[in-house]
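The structure appears below as structure tokens.
The values are calculated or read from the model by the stated rules, or taken from the named source; none is laboratory data. Everything numeric in this text was worked out from a predicted model, so none of it was measured. Every residue, glycine among them, receives a Cβ derived from its backbone with ideal geometry; neighbour counts consider all protein chains shown. Keep in mind that these areas ignore ligands, DNA and RNA; they rest on the heavy atoms of the full protein, side chains included. Shrake-Rupley method; radii C 1.70, N 1.55, O 1.52, S 1.80 Å.
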Amino acid sequence: GQALATYCLMLGDDALILSHRLQQWMTRAPELEEETAIGNIALDLLGQARMLLARAGKADGTDRDEDRFAFWRAEREFRNVRLVERADADFAEMVARLLVFSTWRLAQFEALRTSRDPVLAAIAAKGVKELTYHRDYAARWVVRLGDGTAESHRRMQAGFEAIWPLVDELFRPHPVETSLPAVAVDAAGLRDGVDVILDTVLATATLDRPDARPLAGVRGQYGRDGLHTEAFGYILAELQSVARAHPDATW
Amino acid sequence: GQALATYCLMLGDDALILSHRLQQWMTRAPELEEETAIGNIALDLLGQARMLLARAGKADGTDRDEDRFAFWRAEREFRNVRLVERADADFAEMVARLLVFSTWRLAQFEALRTSRDPVLAAIAAKGVKELTYHRDYAARWVVRLGDGTAESHRRMQAGFEAIWPLVDELFRPHPVETSLPAVAVDAAGLRDGVDVILDTVLATATLDRPDARPLAGVRGQYGRDGLHTEAFGYILAELQSVARAHPDATW
Amino acid sequence: MTVISDQTQPDELQSHFDETIARERRIEPRDWMPEAYRKTMIRQIAQHAHSEIIGMQPEGNWITRAPSLRRKAVLLAKVQDEAGHGMYLYSAAETLGADRADLTDRLVHGRQKYSSIFNYPTLSYADVGVIGWLVDGAAICNQVPLCRSSYGPYGRAMVRICKEESFHQRQGYELLMTMMRGTDSQRDMVQQAVDRFWWPALMMFGPPDDESPNTEQSMAWGVKRHTNDELRQRFVDMSVPQAEKLGVTFPDPDLRWNAERGHYDFGTPDWDEFWAVVKGNGPCNAQRVAHRKSAHDEGAWVREAALAHAAKSAGRR
Amino acid sequence: MTVISDQTQPDELQSHFDETIARERRIEPRDWMPEAYRKTMIRQIAQHAHSEIIGMQPEGNWITRAPSLRRKAVLLAKVQDEAGHGMYLYSAAETLGADRADLTDRLVHGRQKYSSIFNYPTLSYADVGVIGWLVDGAAICNQVPLCRSSYGPYGRAMVRICKEESFHQRQGYELLMTMMRGTDSQRDMVQQAVDRFWWPALMMFGPPDDESPNTEQSMAWGVKRHTNDELRQRFVDMSVPQAEKLGVTFPDPDLRWNAERGHYDFGTPDWDEFWAVVKGNGPCNAQRVAHRKSAHDEGAWVREAALAHAAKSAGRR
């Protein structure tokens, strides 16, 4: 059905766009070990995105493939949360976002393993292991940087301050999710579990939990509704440029 | 003829792409006065580009309009020198490039005023005044920054060092130019005049003339041949994104 | 300008000021004025200047991606005009003893406001047109009366600014007209942009009169000429026929002609949203201020160098 | 590993080393080795490591723009593999007493070389395929013999690296095959990429034998197994049929089968260009080193923080 397809796009677009932001770190990371770790995470998320977008094309009956969704949709048709759109100011902001994102997504995927949709359940089962690694990787860096030098502490705190307004949106229930009981996960229900983990990591890292207010939507619309930040158009211009320059090509 | 059209594209693309790089300064300049000055210069160059691209479409008999050339050509079809492609590291690099570019283009346009092609001659006549302003604006900033603080001196020198390898290409004669005697300007012939001016400004600014070697081409090809730097694809992805997303639209 | 001798007594100064206002003449920089008037004017002009500067961002966002070279030139010129407006407005504030660097500092540290409309994102090229049509349109409704501001330099700056804004407004409307004659997806873009900007545009006139505490004093001083609700009504009345001509609708089910009043009735803006955005919690407040601050901070070495060079040059003369 | 007691005399050490080499056995980290051998090995391994790291850039340039998600995943995995290769190679160099931070420092200050091929720009997605096919292909020709390097850790690293490189080469060739079956503009892209990379790929084998002064010693030590010209010929012989199958031509009018020699004859690379690029004057030398330096410099605070945190954690234990 259309609702399931849209739900798959939500989960798929989250992964696709964060993977894009992580791809931009390749050749720019502080150490080779980080190049390979970030590359791995970007690959895992890209893999999740591909399965989810492909699933969307089956679910909505259009049989569109992953590339049709990735390269030929307009900005309004992307359903990712706005958290994944922001360009990273520095490595600290990258790991701050990765910690929040992967903690949240892991909680989602843990619940999705028992989804009534068998494809989603299988994707989730595979993803749980990956996301656990992503979260632990991010948490280790958050702790290292939070409890490292004065400079790294300052940057790590600033990284969380910068992304925190985008966190609330992760737990905002969406009609598409609520229309798919036992298939989709109730986003609001994930909040407590995620909070416990984030608070633990922040405390270990000697960081303060930001109390920034949630970033407002526009006319009650948020990323899940196709309403994005100004950064998003630039992402798509880059992501889609080669594919769109050659509409009849096969790769 | 085709040669005249190509020559118009060369001159037009130089202006179009440098204008793009200057447009990226809007809302980012160090002072409001600089926002307006950079905006003016970007507008002048954009105006020159529009006339030249339109002229190309007449000259080659295809009647393509300015937008057809700007938004629907592939990277290899752009004929601008590589100097205009680089992203500015800072304000100093921006004014360094602007000084070199506008001094060179002014010399070109002064000569083009007597071109046998009446349209080129008219475009050049109008452009000379604009380019004189651009050059003087850039020169004033080069002097201010070169002979300002230790920090600004360092940055200004670094700005010239960064762009200098791209300067040689400006004076490299191209077969299209040599095939259009009395219409096109002999690029090599501009070198001495430009050098005198640059040396004067550099000396006034207490800066050293860099002795960087020219940036190599690839298989003997340079910007004028459609061979660009890696930065160029990203420029086009952004520049052409909206136009290409709506191929049947009118604006 | 009226010259006041140094010996004039405070009471005389005040009554002279009051008389100037009452006769709708202009207060000039060297005239005596009550401190509260000076402060109010500085705040009003600075906020207006800040709005021009911050207002460059939502539109500037589309310059490099403009879909035709003509539109690119139009947009670039417009954003550049806004920088120019900012400059004259800061100059007008300086005639009151304010310091531009200090005002900029207040802006980048979030201690002085700018128009809340710029805290909404621009999400398609249609937004450029809608900002021209509705946002500049609302700004003009607000600003035309300010051309008669009792403070001379501000009134004169507004004359020039309003002229340019009208030009921008026509260009915005013309872009939308062209897009509405284009493809379905262009028409969708326009309608979506209108849907996003209509209510925020109505909020540009400020809170309802009964919640606008400064209106009375401002009107008495001749620095404000109409109430918020009057201007809002004028804007709605002007915009509805334009929307019909364009072929778009406003997202307000209560919008209809009231023959009795001779005006359009319309719904109530979401004032909670308005106050949230004013207090810094709109979709782009943090982004806009951070962007401005980063440009300002990254330009510090340039400004210092210019000062250092000027000092050296002065020394050499 | 052969254990040598502390009392062994220099002459005995040398003859033991010579014998190990002569028997094509491996030198291991704790074995005695001549200083010249150690230095040569460090330089060779470091340059190879640097090549992997710098080689990430030309391909990394296309990750975010890959035209299909499958190609994106393949390219991302490949670039990530190169980071991995860099890591084991630096580790191998460390077994000889080199310090990775020091080697990185030499790279970012232009004091140590990397393969010149990476000083050419990647200008279309076809370049990704051509780098896989020709550049990785040439690298494999160079590297397969190094799996038998007399220095153990390097030889073993090469086994793993060559395996992955072959995989990359096949993926590159497969991309080109797909593109050649696509549109005219895709075929043009492939041919142009081949035209740009063919001669630089031939130059990857180094200067002609008569201008390659170190070859003799390197072969004697078993750290080099074939001459530059031998490997170049092998690569040409291998590549020509692949090009025919693909449907592209190499930009060399002198390229033809020589039945007498049983090899392809081919033209002379532009050795002036080769030496210019080696000396730092290729189209991307400055860009590649500046990019690496900037990543390294911007990561300094992260590395410092990691050290500081490790020290704190150790103190707490």
Please state the relative contact order of chain B as a whole percent: Cα pairs under 8 Å, 6+ residues apart? 24
Express the C-alpha Rg of the stretch C:59-149 as a ratio against the empirical globular expectation 2.2 N^0.38 Å, rounded to two decimals. 1.24
Just in the stretch D:150-200: which trypsin sites (Lys or Arg not before Pro) are loop by DSSP and have at most 16 other Cβ atoms within 10 Å? D:181
Just which residues of the stretch D:176-196 lose 50 Å² or more accessible area with every protein chain there, against their chain alone, with the probe set to 1.4 Å? D:186, D:196
Rounded to the nearest 10, the angle in degrees between the Cα long axis of helix B:91-112 and the longest principal axis of the Cα atoms of chain B comes to 50
Find the sum over both chains of the accessible area lost when A and D are paired, probe 1.4 Å, and report it in Å² to the nearest 100. 4000
Put a label point 7 Å from Cα along the Cβ direction on residue C:275, then list its distances to the equivalent points in the other copies in nm, shortest first. 8.0
Does the stretch B:1-125 classify as rounded, prolate or oblate by the C-alpha gyration tensor (a ≥ b ≥ c root eigenvalues; a/c under 1.5 gives rounded; else a/b over b/c gives prolate, otherwise oblate)? prolate
Give the carbon-plus-sulfur fraction of the accessible surface of chain A in %, rounded to a whole number; probe 1.4 Å, heavy atoms of protein chains only. 52
What ranking of D:180, C:56, C:219 comes out by heavy-atom accessible area, probe 1.4 Å, highest first? C:219, D:180, C:56
Given the stretch B:71-146, report the % of alpha carbon pairs whose separation exceeds 19 Å. 49
Just for the protein assembly as shown, what percent of DSSP beta bridges are antiparallel, to the closest 5? 80
Fraction in percent of alpha-carbon pairs per bin - 5 Å, the stretch C:192-317: 2, 8, 12, 14, 12, 12, 10, 7, 6, 5, 4, 3, 2, 1, 0
Over all distinct alpha-carbon pairs, what is the Kirkwood Rh of the stretch A:130-196 in angstrom? 14.1
Peptide B:138-147 - average C-beta neighbours from other chains (10 Å radius): 3
Please sort by residue number the trypsin sites (Lys or Arg not before Pro) in the stretch D:11-85 whose DSSP state is loop and whose Cβ has at most 16 other Cβ atoms within 10 Å. D:23, D:25, D:30
For residue D:151, list long-range residues whose amide hydrogen, built 1.01 Å from N in the peptide plane, is under 5 Å from its own amide hydrogen. D:27
Provide the per-residue ³J(HN,Hα) series for the stretch B:74-79, in order, calculated from phi with Karplus coefficients 6.51, -1.76, 1.60 and θ = phi - 60°, each as a whole number of Hz, with x at glycine and proline positions. 8, 3, 5, 8, 7, 10
Return the carbon/sulfur percentage of the accessible area of chain C, one whole number, probe 1.4 Å, all protein chains in place. 52
For the stretch B:161-170, in order, what is each residue's ³J(HN,Hα) by Karplus, 6.51 cos²θ - 1.76 cosθ + 1.60 with θ = phi - 60°, in whole Hz (x at glycine and Pro)? 4, 5, 8, 4, x, 8, 6, 3, 4, 5
Provide, as a two-decimal number, the C-alpha radius of gyration of the stretch D:266-310 over 2.2 N^0.38 Å, N being how many residues it has. 1.93
If a/c stays under 1.5 just call it rounded; otherwise compare a/b with b/c (prolate if a/b is bigger, oblate if not). Do that for chain A, with a ≥ b ≥ c from the square roots of the Cα gyration tensor eigenvalues. prolate
Roll a 1.4 Å probe over the protein heavy atoms and report the accessible area of residue D:275 in Å², nearest 10. 90
Against the longest alpha carbon principal axis of chain C, how many degrees, from 0 to 90 and to the nearest 10, is the axis of helix C:10-22 turned? 30
Report, as an integer, the average count of C-beta atoms from other chains found within 10 Å of each Cβ along D:287-296. 3
Summing -39500 (n - 2.57) over every DSSP H run of at least 4 residues in chain C and dividing by its residue count gives a helix-only mean residue ellipticity at 222 nm, to the nearest 500 deg cm²/dmol, of -21000 deg cm²/dmol
What ranking of A:31, D:244 comes out by heavy-atom accessible area, probe 1.4 Å, highest first? D:244, A:31
Once a ≥ b ≥ c are taken as the square roots of the eigenvalues of the Cα gyration tensor of chain D, is the result rounded (a/c under 1.5), prolate (a/b larger than b/c) or oblate (a/b not larger than b/c)? oblate
Computed FRET value (nearest 0.05) for residue C:297 with residue D:303, which takes r as the C-beta separation and R₀ as 25 Å: 0.50
At 7 Å along Cα-to-Cβ for each site, give me the label-to-label distance between residue B:186 and residue D:220 in nm. 5.8
A chain fully extended from residue C:36 to residue C:12 at 0.36 nm per residue, minus the present Cα-Cα distance, gains in nm 6.9 nm
Too long for a 20 Å Cα-Cα cut-off, among D:78/D:279; C:113/C:224; D:39/D:293; D:78/D:163, are D:78/D:279; D:39/D:293
Tell me the per residue accessible area of chain A using a 1.4 Å probe; a whole number in Å² is fine. 35
To check my understanding: the extent here is largest minus smallest coordinate of the Cα atoms along each principal axis. What are those three numbers for the stretch B:1-48, in Å, largest first? 45, 13, 8
State, to one decimal in nm and shortest first, how far the label point of residue D:303 sits from each corresponding label point in the other identical copies (label point: 7 angstrom along Cα-to-Cβ). 3.6
List every residue whose amide H lies under 5 Å from the amide H of residue D:263, counting only residues 5 or more places away in sequence or on a different chain, with H placed 1.01 Å from N in the peptide plane. D:258
Could you work out the percent of alpha carbon pairs in the protein assembly as shown separated by over 63 Å, rounded to a whole number? 13
